[in-house]
Amino acid sequence: MKKICVVLLAIWISGCAVLTESQVKNINAFAATAKAYSDFPDVLVRKLSDLHVKTELIEASAHRNDTARLNNAIRTIQSFEKSASSIADKFNLSLQLIQQYSNLLTKLSATSYSEDLGKSTKALGDNLTGLINTYNAKVSTKIPASVGSAISKAVLFVGKQLYKRKQTKALKDFLLAGNALINITLNNLKEVLDSDGFTIAGVNHPSMKTMIEEERKNFIDKYGIVILANISTPDYSAVKEYYETLKEYDNLEQARSKIVTSLGKFSAAYARLIQNVSNKKQLSDIIQETQNFIKDAQDVFNTIKDLLK
Amino acid sequence: MNTEVLNTLKQVRQLENEVLAKMNDATLTDDERSLLGSVQNKLSEIDNILLLDSLQAMANKLNESNIGLQDLISKMQATSDKLAQFSNTVKKVADVVGALTEIIMKGASVGLIA
């Protein structure tokens, strides 16, 4: 009767499906991707602002012999720089939150808690075995030496299964809860950085891609009117400045494109994670999970069986 | 897609170009140059406001889901703490029983416990 009770208890505890090793690995792989992600969009705002300031300074240089207008222009540029920097600081918030989310997924999927349980219950088992040996030295009816090991294994098995059950539920709940939020955030990032335009509060705004193109055009126009139109003799410095600034715009556009590509990979990693965790229909996963459970349960059962002989 | 904001920005910049081109005229009087300079200052301010407005709109769009994400993260942290507590409780049970058996074992070995 006691044998049946132990096995039934073990089966009941493990009745709720737990995450497989491959699913836990998927979570950790996604979290590692998120943690290593370093292509943040604020660099685009900062660089675009720097290039805009360059264009503004070109315009300011048109105020020849007019100190008052020149000082006004400088003040306007300084005000712009301050505001742009403040806006740039806000560009990374959502990605940083996604990184925090993925760090917590890693923490919640860690095996270290159940491993620690193993260490504690091993020590318990060793102590119990020592006690039994001491007792048996004094009495004629001996207690089986393996009873200490049996008790520690039972504690470990039950503790581990209960823990894994709680862990699985928590992970699934949070993955489902995070799915919509993260997809919205990643879609918004793509829209802001890579589309023709986006809408917020009913107003259409240009995307970062469009703004880089527009700023580049604006620089070409202003440089042509203020600098190149006023050169009467060949001016190497002026041409070099023009060339190098256009190169900076090209680099900025490449950086934008790289960030969009890496966001795409990030989105794909997340989609794989959600699909893998919510789809527990793969036979190989179910078989592996069942085999792990059977092995653990059998180990405890065998030890107790010997004890009850 | 030419948005309203972008169209306005383009118009402002077109005007800036015309003003700057006029400022190249060497025959301008000081007063005329000063007037054009004032117009250029104002257009530059408007240009900056429109650009900043677009950048702010981008930031706002990116941060639309932040409150939901922060709320979710708080819940995850609380759950993580609870799981750690559960694990600690099981460990304490094992540790306490282990310590007890050690005491009993030592007592038995020196004859304090029969």
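Rule-based calculations on the coordinates, nothing more; no lab input. All figures in this text were calculated on a predicted structure; none of them were measured in a lab. Don't worry about glycine lacking a Cβ; one is built from the backbone with ideal geometry, like all the others, and counts go over all protein chains shown.
A few notes on this one:
- By the equivalent-ellipsoid construction on the alpha carbon gyration tensor, the range A:162-273 comes out with semi-axes of 48, 16, 8 Å, ordered largest to smallest.
- Cα pair count fraction exceeding 14 Å, expressed as % - the range B:14-79: 72 percent
- Compactness relative to 2.2 N^0.38 Å, alpha carbon Rg of the range A:160-202: 1.86
- In this structure, the pairs whose alpha-carbon distance is over 31 Å, taken from A:Lys54/A:Lys265; A:Lys47/A:Lys107; A:Lys25/B:Lys75; A:Lys240/A:Lys265; A:Lys25/B:Lys61, are A:Lys54/A:Lys265; A:Lys47/A:Lys107; A:Lys240/A:Lys265; A:Lys25/B:Lys61.
- Placed amide H near A:Ser207: partners under 5 Å, 5+ positions off or other chain: A:Gly197, A:Phe198
- Inter-chain Cβ neighbour count for A:191-201, averaged per residue, equals 4 (cutoff 10 Å, partner chain atoms only).
- A cut-off under 10 angstrom between Cβ atoms defines the neighbours of B:Arg33, and their net charge, with Lys, Arg +1 and Asp, Glu -1, is -2.
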